[in-house]
Amino acid sequence: MTGPMVDALVDVMLPDGRRVDVTLRDGRISAIADHQQAVSTPAADRHVVYCGGALLLPAFVDGHCHLDKTFWGTPWRPHRASGSLRERIAHERELRARIGVPVTTRATALAEHMVSLGTGHVRSHVDIDPDVKLDGLHQLLEVREALRDKLSIQLVAFPQSGVVTAPGVPDLLDAALAAGADLIGGLDPAGFDGDVDGQLDVVFGLAERHGAGIDIHLHDGGDLGIRQLHAIAERTKTLGLSGKVTVSHAYCLGQVSDVSVDRTATALAGAGVSLMTNGPAGTMPPVLRLRDNGVRVFAGSDNIRDAWWSYGTGDMLERATIIGLEGGLMTDEELGYAASLVTDSAAAALGLADYGLAPGNRADLVVIAAANPAEAVAGHPERLLVVHDGRVVSRKTVRHADNSKAW
């Protein structure tokens, strides 16, 4: 259930340090003006929120998660180590078959938690393989519809068991795009399928046929991964898909020389290929160097408490903190860049229209107990108010020492 429509946010701090009053109308930002110290009493039928100088940011964007995989809302399940990638996939399939809680229930529980932390937009991958077929997709389509007033969800048809080495998967991916998936995914064309051209032929061919975006998992390291990045960039540029292709993880960029990073970054930037990172220790791509070379980098949670990963909270400010720590981001400017990975940069990578703190844009907003984006990333403090399409979807009640409500 959502709350009332908001007519105004009074006395919020913009990322640039200005204290302003923000007027909303019909789910959009209608005006932003310098804060007026003397505020008249609002009409009884207007919903005005007094923010006391708290930070205002556009709603967070989780650019990569797996809502169908999570165990969120179920009893704790100990992690079981596995060997190869194929063995881990088999173990996950076995565990999910025994969990006894539908995807819709688990995904909804996690998505609702994300909303409470200020996330307004999510890109979730969903397994498409010979065993689950489109079952997970159909369940996440239900979740997307049920939560549409709180959260927008993009769905990626993800071939978890491979593309050319898994019988029938190309046809299943085709059917998934026809059924409502927004993008087509891929998985380690060399390391998993052993056929770079074969997998990319299917992925890019289906993207062209359906007018869909592409988001490819690439875990392959070193020069093997670098060669695949160049192959993806070349196809993207040749087919005119600038802005519609993402490579997720790209660990290889955290394992090669600066010369190789710069050369690859030039190819990616020239083709308009974006990169997603969740801040993995030891293999995170050098985000500042990529930025300086013109590559759009953004952030995602990746796995959240599932068979792959015991950790994860769904908090995108915490994710920005993790990336900042791993990347050595220390100055306010660098921490501001970390904040952009979960806001503006992620929104651009996902192709979100009318996003951001400007008149005319959607009123998807989060009010945070911080003075600026650097403090928000450094401490990921409380989210005081979350607004989606102009309507309250989460609100924190804070009381003063005299027990009077501040929110």
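Residues in region 98-117 that are of a type in the set (Lys, Arg) and more than 13 Å from Thr70 (Cα to Cα): Arg98 alone. Can you tell me which residue is nearest to the chain's Cα centre (by Cα) among those in region 302-329 that are farther than 23 Å from Leu85 by Cβ and of a type in the set (Asp, Glu)? For region 302-329, the residue satisfying everything is Asp315. Has region 85-92 got at least one residue that is over 27 Å from Pro4 (Cα atoms) and modelled with pLDDT of 95 or more? Among the residues of region 85-92, not one is over 27 Å from Pro4 (Cα atoms) and modelled with pLDDT of 95 or more, which makes the answer no. Candidates are the residues of region 312-337 that are β-branched (Val, Ile, Thr) and not in a loop (DSSP other than H, G, I, E, B); the one that is nearest to Leu95 (Cα to Cα) is Ile322. Contact annotation: residue pairs with Cβ atoms under 8 Å, 6 or more positions apart or on different chains, pairing a residue in region 73-86 that is within 13 Å of Ile99 (Cα to Cα) with a partner that is open to solvent by less than 100 Å² (accessible area, probe 1.4 Å) and assigned to a helix (DSSP H, G or I), are Gly73/Thr105; Gly73/Arg106; Gly73/Ala109; Gly73/Leu110; Thr74/Arg106; Arg77/Leu95. Of the residues making up region 79-138, those that are under 23 Å from the mean Cα position of the chain (by Cα), β-branched (Val, Ile, Thr) and closer than 14 Å to Ala157 by Cα are Val126, Ile128.
Quick one: Trp308 ticks every box in (1) open to solvent by 40 Å² or more (accessible area, probe 1.4 Å); (2) modelled with pLDDT under 95; (3) within 28 Å of Lys244 (Cα to Cα) except a single one, so which number is it? Only one criterion is unmet by Trp308, namely (1).
May I ask you to list pairs of residues, at least six apart or on different chains, whose Cβ atoms are under 7 Å apart, with the first in region 287-311 being in a loop (DSSP other than H, G, I, E, B) and the second being of a type in the set (Phe, Trp, Tyr)? What qualifies is Asn303/Trp309; Ile304/Trp72; Arg305/Phe71; Arg305/Trp72; Asp306/Phe71.
Apart from one condition, Val122 fits all of (1) touching a Leu at 6+ places or on another chain (Cβ under 7 Å); (2) at pLDDT below 95; the exception is (2).
Under the condition of being assigned to a helix (DSSP H, G or I) and without any contact (Cβ under 8 Å) to a residue 24 or more places away in the chain, which residue from region 248-277 is least open to solvent (accessible area, probe 1.4 Å)? Going through the qualifying residues, I end up with Val259.
Of all residues in region 179-229, those that are within 15 Å of Leu275 (Cβ to Cβ) and of a type in the set (S, T, N, Q) total 1. In this entry, Gly282 is excluded by the filter for residues that are within 19 Å of Leu350 (Cα to Cα), outside any helix (DSSP H, G or I), free of Cβ contacts under 8 Å to residues at least 40 places away in the same chain and small (Gly, Ala, Ser). Taking the conditions exactly as written (surrounded by fewer than 16 Cβ atoms within 10 Å (Cβ to Cβ), in contact (Cβ under 8 Å) with a residue 12 or more places away in the chain, acidic (Asp, Glu) and farther than 23 Å from Ala347 by Cα), does Asp11 satisfy them or not? Spelling it out, it is not the case that Asp11 is surrounded by fewer than 16 Cβ atoms within 10 Å (Cβ to Cβ), in contact (Cβ under 8 Å) with a residue 12 or more places away in the chain, acidic (Asp, Glu) and farther than 23 Å from Ala347 by Cα.
The values are calculated or read from the model by the stated rules, or taken from the named source; none is laboratory data. All of these numbers come straight from a predicted model, not from anything done at the bench. Virtual Cβ from ideal backbone geometry, glycine too; neighbours counted across all protein chains shown. Heavy atoms of the whole protein, side chains included, go into the accessibility calculation; ligands, DNA and RNA do not. Shrake-Rupley method; radii C 1.70, N 1.55, O 1.52, S 1.80 Å.
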